[in-house]
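Heads up: the structure comes next, in structure tokens.
The values are calculated or read from the model by the stated rules, or taken from the named source; none is laboratory data. This is a predicted model, so every value here is computed, not measured. All Cβ positions, even for glycine, are placed from backbone atoms using ideal geometry, and neighbour counts span all protein chains on display. Ligands, DNA and RNA are excluded from the accessible area calculation, which covers all protein heavy atoms including side chains. Shrake-Rupley method; radii C 1.70, N 1.55, O 1.52, S 1.80 Å.
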Protein chains: 4
Amino acid sequence: MRRSYVDLNCDMGESFGPFLLGHDELLMPHVTSVNIACGFHAGDPSVMRRTVALAKAYDVRVGAHPGYPDLAGFGRRLMGLSPDEVYDAVVYQVGALLGVARTQQVPVTHVKAHGALYNAAVVDDRLAAAIARAVKDVDPALCLVGMCGSKIITAGEEEGLCVAHEVFADRAYQANRNLVPRSERGAVHMQIERVVEQALEMVTLGYVTAITGERVPIIADTLCVHGDGRQAVDFVRAIRTALSKESIGVQPLGAC
Amino acid sequence: MRRSYVDLNCDMGESFGPFLLGHDELLMPHVTSVNIACGFHAGDPSVMRRTVALAKAYDVRVGAHPGYPDLAGFGRRLMGLSPDEVYDAVVYQVGALLGVARTQQVPVTHVKAHGALYNAAVVDDRLAAAIARAVKDVDPALCLVGMCGSKIITAGEEEGLCVAHEVFADRAYQANRNLVPRSERGAVHMQIERVVEQALEMVTLGYVTAITGERVPIIADTLCVHGDGRQAVDFVRAIRTALSKESIGVQPLGAC
Amino acid sequence: MRRSYVDLNCDMGESFGPFLLGHDELLMPHVTSVNIACGFHAGDPSVMRRTVALAKAYDVRVGAHPGYPDLAGFGRRLMGLSPDEVYDAVVYQVGALLGVARTQQVPVTHVKAHGALYNAAVVDDRLAAAIARAVKDVDPALCLVGMCGSKIITAGEEEGLCVAHEVFADRAYQANRNLVPRSERGAVHMQIERVVEQALEMVTLGYVTAITGERVPIIADTLCVHGDGRQAVDFVRAIRTALSKESIGVQPLGAC
Amino acid sequence: MRRSYVDLNCDMGESFGPFLLGHDELLMPHVTSVNIACGFHAGDPSVMRRTVALAKAYDVRVGAHPGYPDLAGFGRRLMGLSPDEVYDAVVYQVGALLGVARTQQVPVTHVKAHGALYNAAVVDDRLAAAIARAVKDVDPALCLVGMCGSKIITAGEEEGLCVAHEVFADRAYQANRNLVPRSERGAVHMQIERVVEQALEMVTLGYVTAITGERVPIIADTLCVHGDGRQAVDFVRAIRTALSKESIGVQPLGAC
């Protein structure tokens, strides 16, 4: 299934007080959607305001990026929150971003869980359902972004939400469509050609070649662009150039 | 100026995780508006959800109660936030409560700053303006509650917001309409008769008798009921009984 | 193996800022050792000072009670900290209590992990080793308290630490010497006679009768007294009376 | 009063979790003492461990750098803590660093308050006394570092502590020996020559030339080197070269 367009999303607004993280100013011109940290794993009210303003300036779609309440661990450590606690945490964080965005007349179009919460919702039915329900209860017009083919996508569909399948151009996949864990060899593609190749494969052919060689069907509604590496801008520019050569457009999330 | 009705407001949702504070269940049936802590000085996402649900069950108006980011100090310690930081903190907290309330189809009607932030906005033009602007930018239909006759009221009016003058039945006033500081003798009325007397004076006569004897004109749109004392329920019931005898109704905020 | 004495320990200092938790004043006269929260899952610097002072007044042994950095979850939610992160968190928390205790010339005699960290160290070799190493590196004279027969005891012994096997009088045991999970029926003994009976059984006979009837050998160096229930004082007084009738003394930890 | 040696101190360990701040690795070889953040305004247990290890590797003296509990504000916002609360916060933070340092057999030699707490203790008798008392109560052998000629120095002397007068080479002084506020023109020397000139003046001549021209007597026990600017390393190397030409040695704090 060749796509005619794809979204490029990036996590942003991950600074906190005096602590700067990421290259938001450099990357914002090159993406179509951003997921803004909401103060639990990163971000603070002032950073959120500035990040929404930056997205507005570049006409980039704004989404909420709720995470576990673990600033020191950047939301990357699993936490034993119950489904109800996850529901409450997502509602709170999405609401906070809605407040910030409203002061700038910017619509919030989507929600994507962060880090360990994202990963938990890939495999855990109950957490995935809690997130989907939280999103729907705050605003049923929000698009739910999640790992292609995972529980969170199913949960979103069951709530009647618009969902967006997310894929990763710089991460190796297993035959079961999971990512190869970062702890394993070959988990992250460091070569720009490899990243572009996988991006094109996913967008134009509808599959990804797993690390073990299998062709794994994939839906590439949105391509995640990492914002923390030095090569981040080079990677996203190379991807956009390659997509353009293939006459594939970039278009933001939330147009469903 | 005899009023035909008054609002009775109470700060609620001040528990945090396993830490219980206040007597929300006992007091909710007796008040008309509540100010719900938003996670910075007290409250957490789950406590917020439960408090909104409790208010909904008793048909009590829900407002946001933003404070300084100081859980250990319960928002009662002054913090040197800039006006921009205060603006951002208020937007974030009000937005978070809006998210929680929306999941229960409960409207948020008002905003009242908490503790040291409330006090700072009594006297500081720039902080008062920052709060008023934050409230307006999130939702211009929100009512801004503040100390009767203080800078926050002026700031709210300048932004075109509905404002509500708040008065205290259990606190002694100075001739300049400020409260007698808690550190001074006679600052808090401990006798229920004294509390009721001052409540009636303010609501039916439009003034309060200062600790030094002067009659100080006052606008009693809303009467603050403290929720943390043991006598809290007795006090509010006595006030309601006295108001009823005088044929003065109770009616929630945000009807402007 | 009949013991001639046993320690009675209780978690204390779990208040935080304005948030009060537990009945420290009521229980302190009845126990021989306390485990003081160190600010991560509960407690704050001022609460720690007051709790150390209270223990000193009653000549009760003071220990550190480090937990996960999760105030909202009271350290009861599992968190994915690496062994190194656990090591660092324990060192920091024990050090903080050492500082507080030193200002009052009170020795710190022991360390007991809290909540989800305690439970994790029951079964996880690497976390248990990290905790034991942290304790030893801060002060090798500290006694390490842990679930009787668990990994943390083994880890402490391997580091050459004095260890204390902890048992629970009010919790049902499984045949494998684990506690019956709280979520299951019969997990917690609510009857004071049942609690006293199990306490005596463990201390005088050296075993506990599992919920399935087996006699499970147990070492009862220290008996945990819960401080949060309403019956807490009644329970500990009843246990002390029963021990006294059996001519079994109470004696604090850390005398090794 | 020409000095024969001076200490060069730098604030370090100000990263937090994934958030990196400062250039500790680059600066450590060039200073003689470091003040390590203790988790309240910056730093976390793991960052503290790594910073102590780095200091140990370069044989640099380690001190505690306690601040207000305000991570988002980096401890630079005034907070209304009472003297007792400040006492407790300092005890806790110094104790935590003592714990971390002890695991590496590194002595802690000094304490210097951070940011808004440092500034508050320059002018506020009671806060200065609380800090001095906290330091003494934790360990009377600790050296107390503070703004030359300020209340904290007096308070330290009254407690019988070793004190170190701190001066700033890159900040303009007023005639009253206070710093020119950062908000004013000329507050910070940007030219390396100017910084070196002021450093030499203070160390070799015992005075600083105020922004208004007066010669202000000053005691330069320790020179603060800022670690966050890009030029930080250049500045400290230039200062060391200039001191060396004048045959003035560098020597750490805490040798009293």
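Would you confirm whether any residue within the range A:155-173 is in a helix (DSSP H, G or I) and in contact with a helix residue (DSSP H, G or I) (Cβ under 6 Å, 6 or more places away or on another chain)?
Here is the first cut: in the range A:155-173, the residues in a helix (DSSP H, G or I) are A:155-158.
Subsequent filtering for residues that are in contact with a helix residue (DSSP H, G or I) (Cβ under 6 Å, 6 or more places away or on another chain) retains A:155-156.
So far as the range A:155-173 goes, yes, one or more of its residues are in a helix (DSSP H, G or I) and in contact with a helix residue (DSSP H, G or I) (Cβ under 6 Å, 6 or more places away or on another chain).
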Those residues of the range D:214-239 which are open to solvent by 80 Å² or more (accessible area, probe 1.4 Å) and touching a Leu at 6+ places or on another chain (Cβ under 8 Å), in sequence order: D:Asp228
Conditions (1) open to solvent by 20 Å² or more (accessible area, probe 1.4 Å); (2) within 22 Å of A:Ala128 (Cβ to Cβ); (3) touching a residue at least 60 places away in the same chain (Cβ under 8 Å): number failed by A:Leu205: (2)
Out of (1) assigned to a loop (DSSP other than H, G, I, E, B); (2) facing chain B (nearest Cβ under 9 Å); (3) among the aromatic types (Phe, Trp, Tyr), the odd one out for A:Tyr92 is which? (1)
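Inside the range D:121-140, can you point out the residues that are away from chain C (no Cβ under 14 Å), part of a helix (DSSP H, G or I) and open to solvent by 10 Å² or more (accessible area, probe 1.4 Å)?
Applying the first criterion (away from chain C (no Cβ under 14 Å)) to the range D:121-140 yields D:121-129.
Those still in the list that are part of a helix (DSSP H, G or I) too: D:121-123, D:125-129.
Result: D:Val122, D:Val123, D:Asp125, D:Arg126, D:Leu127, D:Ala129.
Among the listed residues D:Leu98, D:Leu144, identify the single one that is in a strand (DSSP E or B) and closer than 16 Å to C:Thr103 by Cβ.
Values: D:Leu98 fails: in a strand (DSSP E or B).
Only one candidate passes the filter, namely D:Leu144.
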Failed condition for B:Ala113, given (1) touching a residue at least 60 places away in the same chain (Cβ under 8 Å); (2) in contact with a His (Cβ under 8 Å, 6 or more places away or on another chain); (3) of a type in the set (A, V, I, L, M), with all others met? (1)
Does the range A:46-56 contain at least one residue that is part of a strand (DSSP E or B), within 14 Å of chain B (Cβ to nearest Cβ) and either of a type in the set (S, T, N, Q) or under 28 Å from A:Phe235 (Cβ atoms) (or both)? no
If you take the residues in the range D:71-87 that are charged (D, E, K, R) and more than 17 Å from B:Gly115 (Cβ to Cβ), which one is least open to solvent (accessible area, probe 1.4 Å)? D:Asp84
Residues (more than 14 Å from chain B (Cβ to nearest Cβ), in a loop (DSSP other than H, G, I, E, B) and open to solvent by 10 Å² or more (accessible area, probe 1.4 Å)) located in the range C:1-45: C:Met1, C:Arg2, C:Arg3, C:Ser4, C:Thr32
Filter the range B:98-120 down to the residues that are at the interface with chain A (Cβ under 7 Å from one of its Cβ atoms) and of a type in the set (A, V, I, L, M), then identify the one that is most open to solvent (accessible area, probe 1.4 Å). B:Leu98
The lone condition B:Ile211 fails out of (1) assigned to a helix (DSSP H, G or I); (2) of a type in the set (A, V, I, L, M, F, W, C); (3) open to solvent by 40 Å² or more (accessible area, probe 1.4 Å) is (1)
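Checking the structure you have, find out if any residue of the range B:177-188 is modelled with pLDDT of 95 or more, part of a strand (DSSP E or B) and farther than 20 Å from B:Leu253 by Cα.
We begin by selecting, within the range B:177-188, every residue modelled with pLDDT of 95 or more; these are none.
There is no residue in the range B:177-188 that is modelled with pLDDT of 95 or more, part of a strand (DSSP E or B) and farther than 20 Å from B:Leu253 by Cα.
Restricting to the range A:62-88, name every residue that is acidic (Asp, Glu) and either within 11 Å of C:Asp70 (Cα to Cα) or more than 13 Å from chain B (Cβ to nearest Cβ) (or both).
Step one: list which residues in the range A:62-88 are acidic (Asp, Glu), which gives A:70, A:84-85, A:88.
Once the filter is applied, which keeps residues that are acidic (Asp, Glu) and either within 11 Å of C:Asp70 (Cα to Cα) or more than 13 Å from chain B (Cβ to nearest Cβ) (or both), the range A:62-88 yields only A:Asp70.
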Subset of the range B:62-77 [within 18 Å of B:Leu98 (Cα to Cα) and touching an Asp or Glu at 6+ places or on another chain (Cβ under 8 Å)]: B:His65
Sole exception among (1) aliphatic (A, V, I, L, M); (2) in contact with a strand residue (DSSP E or B) (Cβ under 8 Å, 6 or more places away or on another chain); (3) surrounded by 18 or more Cβ atoms within 10 Å (Cβ to Cβ) for C:Val180, by number: (3)
Residues of the range B:19-62 being free of Cβ contacts under 8 Å to residues at least 12 places away in the same chain and either in contact with a His (Cβ under 9 Å, 6 or more places away or on another chain) or closer than 19 Å to B:Leu223 by Cβ (or both), in sequence order, are B:Asp59
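Can you tell me which of D:Phe168, D:Phe235 is within 28 Å of D:Thr51 (Cβ to Cβ), modelled with pLDDT of 95 or more and of a type in the set (Phe, Trp, Tyr)? Break it down stepwise before answering.
Details: D:Phe235 fails: modelled with pLDDT of 95 or more.
Just a single option satisfies the conditions, and that option is D:Phe168.
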When you scan the range C:57-84, how many residues do you find that are in contact with a Gly (Cβ under 8 Å, 6 or more places away or on another chain), under 24 Å from B:Gly17 (Cα atoms) and not in a loop (DSSP other than H, G, I, E, B)? 2
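Does at least one position in the range B:79-93 carry a residue that is polar (S, T, N, Q), more than 21 Å from B:Ala130 (Cα to Cα), at pLDDT 95 or above and more than 16 Å from the chain's Cα centre (by Cα)? Spell out the reasoning first.
Step one: filter the range B:79-93 for residues polar (S, T, N, Q), giving B:82, B:93.
The next check asks that each one be more than 21 Å from B:Ala130 (Cα to Cα); those that pass are none.
Scanning the range B:79-93 turns up no residue that is polar (S, T, N, Q), more than 21 Å from B:Ala130 (Cα to Cα), at pLDDT 95 or above and more than 16 Å from the chain's Cα centre (by Cα).
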